[in-house]
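The values are calculated or read from the model by the stated rules, or taken from the named source; none is laboratory data. Note that the structure is predicted; figures quoted are calculated from it, not measured. In this analysis, Cβ positions are derived from the backbone assuming ideal geometry, glycine residues included, and neighbour counts consider all displayed protein chains. Remember, those area values only see protein heavy atoms, side chains included, never the ligands or the DNA or RNA. Shrake-Rupley method; radii C 1.70, N 1.55, O 1.52, S 1.80 Å.
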Amino acid sequence: MSIKTQALRRAGTPTVVSTRSRKLRIAIVSDAITGRNGVGTYYQDLLQQLEPYVESIELIGPSMESRSLELVSIRMPGDKTQRMSWPRRRLLETQLDRQQPNVIIIP
């Protein structure tokens with residue numbers, strides 16, 4: 001067993017990936033802006049960890065760069081840097097239809 005394989009096993013990283021998991025397409029629908037808070041950074045880290053083992057993984061949610069997913073958006077009282085928004089249903093459906101996920105995670 002190589003040193004790298006031993007290190008991966010100690011870290012809990014799978015060293016053998018089944019063909020079945022390689023065909024997984026995962027969509028995560030989140031209400032948190034990526035990298036904005038604990039939830040946003042958690043899903044950002046999760047994507048990086050799972051990406052090598054699945055066919056595709058996408059995070060669908062609000063963005064600091066683009067508000068195209070938002071249908072209605074209002075500022076949160078007390079913190080003008082945060083917003084509450086309602087997503088555009090058709091755009092969300094289009095993104096999911098394009099990816100055709102086997103698994104959808106909605107926290």
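Values as computed for the structure displayed
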| read-out | value |
| --- | --- |
| Matching entry among Asp31, Asp97, Asp45 (being part of a loop (DSSP other than H, G, I, E, B) and open to solvent by 60 Å² or more (accessible area, probe 1.4 Å)) | Asp31 |
| Scope segment 30-42; condition hydroxyl-bearing (Ser, Thr, Tyr) and touching a Pro at 6+ places or on another chain (Cβ under 8 Å); matching residues | Ser30 |
| Index of the failed condition, Leu50 passing every other in (1) open to solvent by 40 Å² or more (accessible area, probe 1.4 Å); (2) modelled with pLDDT under 90 | (2) |
| Residues of segment 53-71 classified as open to solvent by less than 80 Å² (accessible area, probe 1.4 Å), more than 14 Å from Ile105 (Cα to Cα) and modelled with pLDDT under 85, total | 6 |
